[in-house]
1. Taking the criterion of being over 19 Å from HIS47 (Cα atoms) and hydrophobic (A, V, I, L, M, F, W, C), would at least one residue in the range 215-229 satisfy it?
2. Could you list all residues from the range 96-149 that are assigned to a loop (DSSP other than H, G, I, E, B), among the hydrophobic types (A, V, I, L, M, F, W, C) and either buried (at least 21 other Cβ atoms within 10 Å of the Cβ) or modelled with pLDDT of 95 or more (or both)?
3. Just for the range 195-205: of the residues that are in a helix (DSSP H, G or I) and in contact with a Lys or Arg (Cβ under 9 Å, 6 or more places away or on another chain), which one is surrounded by the fewest Cβ atoms within 10 Å (Cβ to Cβ)?
4. Does the range 186-196 include one or more residues that are touching a strand residue (DSSP E or B) at 6+ places or on another chain (Cβ under 8 Å), more than 18 Å from VAL54 (Cβ to Cβ) and at pLDDT 95 or above?
5. In the list ALA181, ALA138, ALA151, which residue meets the criterion of being within 18 Å of ASN113 (Cα to Cα) and small (Gly, Ala, Ser)?
6. Do the conditions hold for ARG232, that is, is it among the basic types (Lys, Arg), within 27 Å of ILE8 (Cβ to Cβ) and modelled with pLDDT under 95?
7. Looking only at the range 37-64, count every residue that is assigned to a helix (DSSP H, G or I) and surrounded by 17 or more Cβ atoms within 10 Å (Cβ to Cβ) and tell me the total.
8. Just for the range 168-186: of the residues that are within 21 Å of HIS46 (Cα to Cα) and aliphatic (A, V, I, L, M), which one is surrounded by the most Cβ atoms within 10 Å (Cβ to Cβ)?
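The values are calculated or read from the model by the stated rules, or taken from the named source; none is laboratory data. Note that the structure is a prediction, hence the values are computed from the model and not measured. Heads up, the Cβs are rebuilt from the backbone with ideal geometry, glycines too, and the neighbour counts pull from every protein chain shown.
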Amino acid sequence: MAKLMTLIKRSPDVSAEQFRSYWRDIFLPQLRALPLCADSLSRAVHHHVVPKDVRSGEGFTPQDWAGVGCYYFDNHDDPQTLLSTPAFQDLFADTSHIAKATHLLVDEIWMYNRDKSHLPLKMFSFFKRLPRFTRAFAHEYYLTLHADVGASINKNRTVRYIQNHVLQTYRNPDAEYDFDAGPEIWFKSMEIADDLFADAEGMAILSADEERFCDRPYNIFFMTDEQQVFSRDN
């Protein structure tokens with residue numbers, strides 16, 4: 001399995017609901033009609049950013065992303081091939097709805113799944129490593145030592161957790177968004193998420209560890225709802 005993540009900013013004159021409809025009802029069928037996707041795309045999940053500041057008190061810049069699409073393919077090389085396909089690039093040429101899109105090729109690593117029920121509320125984050133480190137070192141630190149720090153402050157407030165590791169061989173042509181990794185973290189409610197982010201002691205411990213491997217001014221965070229928009233199995 002291979003995973004493509006596409007971060008999208010909607011055009012200024014398009015409302016959140018208009019973008020949701022466009023992304024699902026117009027963009028997705030066009031994507032699925034591409035020959036490579038018709039053969040290899042197995043699942044598509046759209047995440048729409050909800051109005052919520054995440055860790056804004058720590059000085060992180062508020063984000064204007066509209067959503068994150070996660071697209072799963074049968075073959076490892078297919079997402080990279082898709083990115084170089086003119087027909088795929090043309091899907092983003094019309095800026096009437098999509099003002100900006102950037103893409104990441106990732107390995108999806110499941111950390112835990114404590115609740116298999118539908119959990120639509122999910123936080124995304126993406127980070128860049130400190131310049132003195134390799135991507136491989138940042139991935140290893142993130143997967144082990146940083147995950148342990150996160151677990152120590154969690155207090156069972158998150159119930160499902162994925163790490164997305166950008167492929168070693170991939171570099172985003174848009175250097176501003178050449179991220180190295182980031183989590184998908186599910187919550188049962190916004191109140192539980194608020195409780196975690198309001199834990200000043202816990203957030204201080206997490207931030208101190210982030211400084212050991214992240215170029216923190218580039219960290220981005222946002223909360224989303226989750227909608228599976230295509231599955232070959234359904």
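1. no
2. LEU130, PHE133
3. Of the residues in the range 195-205, the ones in a helix (DSSP H, G or I) are 195-197, 200-205.
Add one more test, that the residue is in contact with a Lys or Arg (Cβ under 9 Å, 6 or more places away or on another chain), and what stays is 195-197, 202-203.
Details: ASP195: 14, LEU196: 18, PHE197: 21, GLY202: 19, MET203: 16.
The residue in question is ASP195.
4. Scanning the range 186-196, I find no residue that is touching a strand residue (DSSP E or B) at 6+ places or on another chain (Cβ under 8 Å), more than 18 Å from VAL54 (Cβ to Cβ) and at pLDDT 95 or above, so the answer is no.
5. Working: ALA181 fails: within 18 Å of ASN113 (Cα to Cα); ALA138 fails: within 18 Å of ASN113 (Cα to Cα).
None of the others qualify; the one that does is ALA151.
6. On the way: among the basic types (Lys, Arg): yes; within 27 Å of ILE8 (Cβ to Cβ): yes; modelled with pLDDT under 95: yes.
Yes; evaluated as a whole, the condition is true for this residue.
7. Residues of the range 37-64 that are assigned to a helix (DSSP H, G or I), as a first pass: 37-40, 56-58.
Those still in the list that are surrounded by 17 or more Cβ atoms within 10 Å (Cβ to Cβ) too: 37, 40.
Looking only at that region, the number is 2.
8. Among them, the one singled out is ALA181.
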